[in-house]
Amino acid sequence: METTISLKNVTKKYADFTLDHITMDIPKGSIVGLVGENGAGKTTLIKAILQMNAIQEGEILLDGKRMEEAMPQWKDSAGVILSGVEFASRLNARQLGACMNQIYGHWQSETYEKYLADFQIDQNKNIKDYSKGMKMKLDLAVALSHQAKTLIFDEATSGLDPVVRDDILDILLEFIQDETHTVLISSHIISDLEKIADYIAFLHKGRLQFYMNKDELLYQFGIVHCTADEYGNIPDTYVQGVRRNQFGCEVLVNHLKDFQKRYPGYHTERTSIEDIILFYVKGEKR
């Protein structure tokens, strides 16, 4: 399987935080959802991939080449949208397109104008006067108008209304129909990622807790509802976390099918990505 981005023991150290030896391969033709609480290291990782942060250890390969060899050509083929980073607010969309034509080697003015029309963006209105959703659509129009093969979004959909978010998800799904294209998207809106992601990477306190195919992740984990005594009888090999309440215990178990076969007397149910993350972050460990 060809990879777009390959991370090998990537480490970035700050005084109070460490992105700790991250290893993962992001294959071409896939959407990878990057999740984790605030401060988990998602933005740090994305900035390392974009060469905005220098790493102390490890290696990053882009389309099979060392970062130093791949840049700046690779960056020219990447569409990037970072939360809190906006285009010059006094420009209008038409002026912005003229600027992008000078920046990107493969800028396509006709494609850009088509997206502006499709997204119903007023070309003569200053960017500062756009709504948040319209600014996001303008970001997308730029990202998709220079023959980008990789899209990288860092919390770009946060704060948008559900209708705009759904439009953006449809665009990403259409983009990925080309098997040479790749999307890396970080988001706190887990339900969005459940709709579109092929893989989920979960960062917690700078460490990669898991990186799995989304369908396998949802198939592999489950929740057991039981008493405290019943919880004590579940082998450690299955237990990923437990939450106690007045009625007993909720236990996140791994290898759900095997657990159900060996312990048919326990009440089990499927779980969501959000529940899995909550157990990892807030659940009690054995």
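The values are calculated or read from the model by the stated rules, or taken from the named source; none is laboratory data. Model, not experiment: these values are computed from the prediction. Here the Cβ positions follow ideal geometry from the backbone for every residue, glycine too, while neighbour counts run over all protein chains shown. Just so you know, the surface numbers come from the protein's heavy atoms only, side chains and all, with ligands and any DNA or RNA stripped out. Shrake-Rupley method; radii C 1.70, N 1.55, O 1.52, S 1.80 Å.
Test ILE190 against the stated conditions and say whether it is open to solvent by less than 60 Å² (accessible area, probe 1.4 Å), touching a residue at least 12 places away in the same chain (Cβ under 8 Å) and more than 18 Å from TYR280 (Cβ to Cβ).
Working: open to solvent by less than 60 Å² (accessible area, probe 1.4 Å): yes; touching a residue at least 12 places away in the same chain (Cβ under 8 Å): yes; more than 18 Å from TYR280 (Cβ to Cβ): no.
No, not satisfied.
Using the structure shown, decide if THR3 is open to solvent by 20 Å² or more (accessible area, probe 1.4 Å) and under 23 Å from HIS106 (Cα atoms). First the steps, then the outcome.
Numbers: open to solvent by 20 Å² or more (accessible area, probe 1.4 Å): yes; under 23 Å from HIS106 (Cα atoms): yes.
Spelling it out, THR3 is indeed open to solvent by 20 Å² or more (accessible area, probe 1.4 Å) and under 23 Å from HIS106 (Cα atoms).
Would you confirm, using the coordinates I've provided, whether LEU256 is under 29 Å from the mean Cα position of the chain (by Cα), among the aliphatic types (A, V, I, L, M) and at pLDDT below 95? Give the steps one after another, and end with the answer.
Values: under 29 Å from the mean Cα position of the chain (by Cα): yes; among the aliphatic types (A, V, I, L, M): yes; at pLDDT below 95: no.
It is false that LEU256 is under 29 Å from the mean Cα position of the chain (by Cα), among the aliphatic types (A, V, I, L, M) and at pLDDT below 95.
Going through SER89, SER131, SER145 one at a time, which residue ends up being of a type outside the set (A, V, I, L, M, F, W, C), farther than 28 Å from PHE17 by Cα and at pLDDT 90 or above? So that I can check it myself, show each step before the final result.
Numbers: SER89 fails: at pLDDT 90 or above; SER131 fails: at pLDDT 90 or above.
Just a single option satisfies the conditions, and that option is SER145.
Could you please find all residues in segment 220-243 being acidic (Asp, Glu) and loosely packed, with under 11 Cβ neighbours inside 10 Å? Spell out the reasoning first.
Narrowing segment 220-243 to residues acidic (Asp, Glu): 229-230, 236.
Of everything in segment 220-243, those that are acidic (Asp, Glu) and loosely packed, with under 11 Cβ neighbours inside 10 Å turn out to be ASP229, ASP236.
Give all pairs with beta carbons closer than 9 Å in which a residue from segment 148-171 that is within 15 Å of ALA197 (Cα to Cα) and among the small types (Gly, Ala, Ser) meets a residue that is outside any loop (DSSP other than H, G, I, E, B) and open to solvent by 10 Å² or more (accessible area, probe 1.4 Å); count only pairs at least 6 apart in sequence or on separate chains.
none
Which of the numbered conditions does TRP107 fail, given that it passes all the others? Conditions: (1) loosely packed, with under 14 Cβ neighbours inside 10 Å; (2) more than 29 Å from ALA40 (Cα to Cα).
Evaluating TRP107 over (1) loosely packed, with under 14 Cβ neighbours inside 10 Å; (2) more than 29 Å from ALA40 (Cα to Cα) leaves (1) as the failure.
Please go through segment 79-104 and give me each residue that is part of a helix (DSSP H, G or I) and either open to solvent by less than 70 Å² (accessible area, probe 1.4 Å) or among the aromatic types (Phe, Trp, Tyr) (or both), ordered by number. Full working, then the answer.
Taking segment 79-104 as the starting set, the residues that turn out to be part of a helix (DSSP H, G or I) are 93-103.
Result: ALA93, LEU96, GLY97, ALA98, CYS99, MET100.
If you go through segment 23-78, how many residues are outside any helix (DSSP H, G or I), open to solvent by 40 Å² or more (accessible area, probe 1.4 Å) and either under 17 Å from ALA148 (Cβ atoms) or not hydrophobic (A, V, I, L, M, F, W, C) (or both)? Give the derivation first.
As a first pass, look at segment 23-78 and keep what is outside any helix (DSSP H, G or I): 23-41, 50-66, 71-72, 77-78.
Then drop every residue that is not open to solvent by 40 Å² or more (accessible area, probe 1.4 Å), which leaves 23, 25, 28, 37-39, 51-52, 54-59, 63-66, 72.
Checking the rest, the ones that are also either under 17 Å from ALA148 (Cβ atoms) or not hydrophobic (A, V, I, L, M, F, W, C) (or both) come to 23, 25, 28, 37-39, 51, 56-59, 63-66, 72.
Final tally of qualifying residues: 16.
TYR199: more than 23 Å from LYS135 (Cα to Cα) and surrounded by fewer than 19 Cβ atoms within 10 Å (Cβ to Cβ), yes or no?
Values: more than 23 Å from LYS135 (Cα to Cα): yes; surrounded by fewer than 19 Cβ atoms within 10 Å (Cβ to Cβ): no.
No, not satisfied.
Take the residues of segment 114-125 that are outside any loop (DSSP other than H, G, I, E, B) and modelled with pLDDT of 90 or more: which is most open to solvent (accessible area, probe 1.4 Å)? So that I can check it myself, show each step before the final result.
Filtering segment 114-125 for residues outside any loop (DSSP other than H, G, I, E, B) gives 114-118.
Checking the rest, the ones that are also modelled with pLDDT of 90 or more come to 114-117.
Numbers: LYS114: 117, TYR115: 58, LEU116: 2, ALA117: 70 Å².
The qualifying residue most open to solvent (accessible area, probe 1.4 Å) is LYS114.
Filter segment 135-174 down to residues that are open to solvent by 50 Å² or more (accessible area, probe 1.4 Å) and either in contact with a Pro (Cβ under 8 Å, 6 or more places away or on another chain) or assigned to a helix (DSSP H, G or I) (or both), then give me how many there are. Walk me through it before giving the result.
We begin by selecting, within segment 135-174, every residue open to solvent by 50 Å² or more (accessible area, probe 1.4 Å); these are 147, 149, 159, 161-163, 166-167, 170, 173-174.
Remaining after also requiring either in contact with a Pro (Cβ under 8 Å, 6 or more places away or on another chain) or assigned to a helix (DSSP H, G or I) (or both): 162-163, 166-167, 170, 173-174.
Residues meeting the conditions: 7.
Considering only residues that are touching a helix residue (DSSP H, G or I) at 6+ places or on another chain (Cβ under 7 Å) and among the acidic types (Asp, Glu), look in segment 26-83 and name the one that is farthest from ARG207 (Cα to Cα).
Step by step, filter segment 26-83, then rank; the result is ASP63.
Being under 19 Å from SER187 (Cα atoms), at pLDDT 90 or above and not acidic (Asp, Glu) is true for just one of THR18, THR43, THR3. Which residue is that?
Answer to the selection: THR43.
Report yes if some residue within segment 258-268 is open to solvent by 50 Å² or more (accessible area, probe 1.4 Å) and under 22 Å from GLY33 (Cα atoms); otherwise report no.
Initially, segment 258-268 is screened for residues open to solvent by 50 Å² or more (accessible area, probe 1.4 Å), giving 258, 260-265, 267.
Restricting the remaining residues to those that are under 22 Å from GLY33 (Cα atoms) gives none.
No, there is no match, as no residue in segment 258-268 is open to solvent by 50 Å² or more (accessible area, probe 1.4 Å) and under 22 Å from GLY33 (Cα atoms).
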